[in-house]
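We did not get these values from a lab; they are worked out from the coordinates using the rules stated. Owing to the predicted nature of the structure, the values given are computational and were not obtained by experimental measurement. Cβ: placed from backbone, ideal geometry, glycine included. Neighbour counts: every protein chain shown.
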Amino acid sequence: MVGKIIVLLLRLVVAGVFLYAGVMKIWDFKHGQSATPDFTVAIQHFEILPYPDLAVMLAFYLPWLEAISALALFVRRLALGAATAITGMTAIFLIALASAWHRGLDISCGCFGKDEVSTNYPTLLLRDGLLLAAALVLVWRECKTAAPARDA
């Protein structure tokens, strides 16, 4: 029983973070306009992608993937795929942050829209590490419940 409550809390936290992050990168509520151009610039500041068009595509599609994955965590048939997608995204975010920190970039990560200040790398890496751990627990739990019962 306690395990189910912990998994539900993890699901709520992970889904809440990814839904909020996705929505804030889709729409700039403060200025009443699309947030995609600002998120494109935030992605380009990481200096990872070889072509600017990739940053534009990523800025357009990634927030939707985050928001849809967050909602899909609560749909039984989609939960494993959603948890796997969130785990993959979080791992990539960790790698991108570590790379930017290693290269000495002073950037705003753009994780929750454009109003973030300069990146505090240790804090962001800790946050994303905890999110990754929570997402991995959800993947493990979904794999466990999705596996067909074996006859002994």
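Inspect all residues belonging to the stretch 116-123 and state whether any of them is surrounded by 16 or more Cβ atoms within 10 Å (Cβ to Cβ) and among the polar types (S, T, N, Q).
Checked against the condition, which is being surrounded by 16 or more Cβ atoms within 10 Å (Cβ to Cβ) and among the polar types (S, T, N, Q), the stretch 116-123 yields at least one hit.
Does the stretch 8-35 hold any residues that are farther than 17 Å from Leu71 by Cβ and surrounded by 16 or more Cβ atoms within 10 Å (Cβ to Cβ), and which are they?
Of everything in the stretch 8-35, those that are farther than 17 Å from Leu71 by Cβ and surrounded by 16 or more Cβ atoms within 10 Å (Cβ to Cβ) turn out to be Asp28, Ala35.
Scanning the stretch 41-98 for residues that are part of a loop (DSSP other than H, G, I, E, B) and of a type in the set (Phe, Trp, Tyr), which turns out nearest to Val14 (Cα to Cα)?
So, considering only residues that are part of a loop (DSSP other than H, G, I, E, B) and of a type in the set (Phe, Trp, Tyr), the one nearest to Val14 (Cα to Cα) is Phe74.
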